[in-house]
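Reviewing the structure listed below.
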Amino acid sequence: MSNFLETTVDKFTFKVATDRFYTREGVWAQEENGRVRIGLSDFVQQRSGDVAFAEVKPEGTVIAAGEEVAEIETIKVNIIYTSPVNGKIAEVNPAMNDAPEAINQDPYGAGWLAVMDVVNWDADRAKLLDPQAYFKIMKGQAEEEAKKL
């Protein structure tokens, strides 16, 4: 079970799971038995709105870090997310077809996007943000957006 860094900005509370690493864009990566599970941060899913559709690249797709891994359609926007790691998609979350709202309901649990066989987790991890660094960026973005409201 994850521990969280948590902040409230305006009337919104955002959580950052402390057991994984992040891109600046809020895609998380968590190593599990030699594979890496990826998903979207709580901040990203709240900012984007209710997920209506999620399309993850199919199993077997080879992706480099920074290349498109998923497209999420919400009531507000369509967003393309990039992979935080180099590797091959080993598993796509079946909920993305039937219940993509799992991203909103449980972004660090049932709302994961894919599991990847990675080429070099240590090298990829070194390029990602630790939870505290992502928390600082996320909090700054949330505060900036709150000023615009």
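A few points about this structure:
- Selection of trypsin sites (Lys or Arg not before Pro), segment 1-52, meeting DSSP coil and at most 15 other Cβ within 10 Å: LYS11, ARG24
- P(r) tail, segment 85-149: Cα-Cα pairs separated by more than 20 Å, 53% of all pairs.
- Cα centroid separation - segment 91-122 against segment 11-84, whole Å: 8
- Contact order normalised by residue count of the chain, Cα under 8 Å, 6+ apart, percent: 27
- Taking each DSSP H run with n ≥ 4 as -39500 (n - 2.57) and averaging over every residue of the chain yields -7000 deg cm²/dmol at 222 nm.
- Lysines with Cα under 22 Å of LYS127, excluding same-chain neighbours fewer than 8 positions away: LYS15, LYS88, LYS136, LYS139
- At 1.567 mPa s and 4 °C, Stokes diffusion of segment 1-100 via Kirkwood alpha-carbon radius, µm² per second: 90
- Choice from VAL119, VAL36, VAL56 with maximal GNM fluctuation in the chain (Cα, 10 Å cutoff): VAL119
- For segment 46-53, 3J(HN,Hα) per residue [Karplus equation, 6.51 cos²θ - 1.76 cosθ + 1.60, θ = phi - 60°, Hz, x = Gly/Pro]: 5, 5, 6, x, 5, 6, 9, 7
- Spin-label pair GLU71-ASN33: with each label point 7 Å from Cα along the Cα-Cβ axis, the two points sit 3.3 nm from one another.
- ASP10 paired with GLU91, simple spin-label distance in nm, labels 7 Å along Cα-to-beta-carbon: 3.7
- Counting only protein heavy atoms and a probe of 1.4 Å, the accessible surface of segment 39-149 is 49% carbon and sulfur.
- Principal axis dimensions, segment 64-122 - Cα atoms, whole angstrom, descending: 35, 21, 17
- Cα-based helix-to-principal-axis angle, 131-148 vs the chain, degrees rounded to 10: 40
The values are calculated or read from the model by the stated rules, or taken from the named source; none is laboratory data. Every value quoted in this text rests on a predicted model; they were computed, and no experiment measured them. No Cβ is skipped: glycine too gets one built from the backbone with ideal geometry, and neighbour counts run over all protein chains shown. Note: accessible area is taken over every heavy atom of the protein model, side chains too, but ligands, DNA and RNA are not part of it. Shrake-Rupley method; radii C 1.70, N 1.55, O 1.52, S 1.80 Å.
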